[in-house]
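*Asks:* I have a structure here, written as structure tokens, and I will follow up with some questions on it.
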């Protein structure tokens, strides 16, 4: 549970990246590759400011996620990423005026309940790390 801050940072940066990418793509408008070299068009997309910022934020999110994966079990850490959907759905409703109907709200509630249950289960590797935090965890130890 002591790595929850890093997990939530990963979730927040993942959600922020999605919102930046959406904003960037809205600024670019509908995509058309007609009469344009696809490579040039892709470079224009990637290097547009909001898309580039979103992709850069994804890199930060992935670095954070890799750190988390080195400390806790994948089956504990990965489900927390579903909270990014919750954040994105709520922000998209307020910022982009996207639909947030009853079924989506119910789905969000299920995601939140599931994440709380997973958080209550503990991460497993936290306990192993408490015994010997100076020694890296070996793959063979994960099989036990």
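We did not get these values from a lab; they are worked out from the coordinates using the rules stated. If you're wondering where the values come from, they're calculated on a predicted model, not measured in any experiment. Neighbour counts are summed over all protein chains in view; Cβ atoms, including those assigned to glycine, are modelled from backbone coordinates with ideal geometry.
Conditions (1) within 13 Å of residue 7 (Cα to Cα); (2) without any contact (Cβ under 8 Å) to a residue 60 or more places away in the chain; (3) touching a helix residue (DSSP H, G or I) at 6+ places or on another chain (Cβ under 8 Å); (4) surrounded by 13 or more Cβ atoms within 10 Å (Cβ to Cβ), marked per residue:
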position: 57; (1), (2), (3), (4): no, yes, yes, yes
position: 64; (1), (2), (3), (4): yes, yes, yes, yes
position: 71; (1), (2), (3), (4): yes, no, yes, yes
position: 76; (1), (2), (3), (4): yes, yes, yes, yes
position: 84; (1), (2), (3), (4): yes, no, yes, yes
position: 89; (1), (2), (3), (4): no, yes, yes, yes
position: 92; (1), (2), (3), (4): no, no, yes, yes
position: 97; (1), (2), (3), (4): no, yes, no, no
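*Asks:* Still on this model: Please go through (1) more than 30 Å from residue 117 (Cβ to Cβ); (2) part of a helix (DSSP H, G or I); (3) over 11 Å from the mean Cα position of the chain (by Cα) for residue 6 and return the number of the only condition it doesn't satisfy.
*Replies:* Of everything listed in (1) more than 30 Å from residue 117 (Cβ to Cβ); (2) part of a helix (DSSP H, G or I); (3) over 11 Å from the mean Cα position of the chain (by Cα), residue 6 misses just condition (1).
*Asks:* Further question: Given the options 51, 40, 11, name the one that is loosely packed, with under 12 Cβ neighbours inside 10 Å and in a helix (DSSP H, G or I).
*Replies:* So the residue among 51, 40, 11 that is loosely packed, with under 12 Cβ neighbours inside 10 Å and in a helix (DSSP H, G or I) is 40.
*Asks:* List every residue pair whose Cβ atoms lie under 6 Å apart, where the two residues are 6 or more positions apart in sequence or sit on different chains, the first residue falls within the stretch 1-13 and is in contact (Cβ under 8 Å) with a residue 40 or more places away in the chain and at positive phi, and the second residue, located anywhere, is outside any loop (DSSP other than H, G, I, E, B) and surrounded by 14 or more Cβ atoms within 10 Å (Cβ to Cβ).
*Replies:* Note: no pairs meet the criteria.
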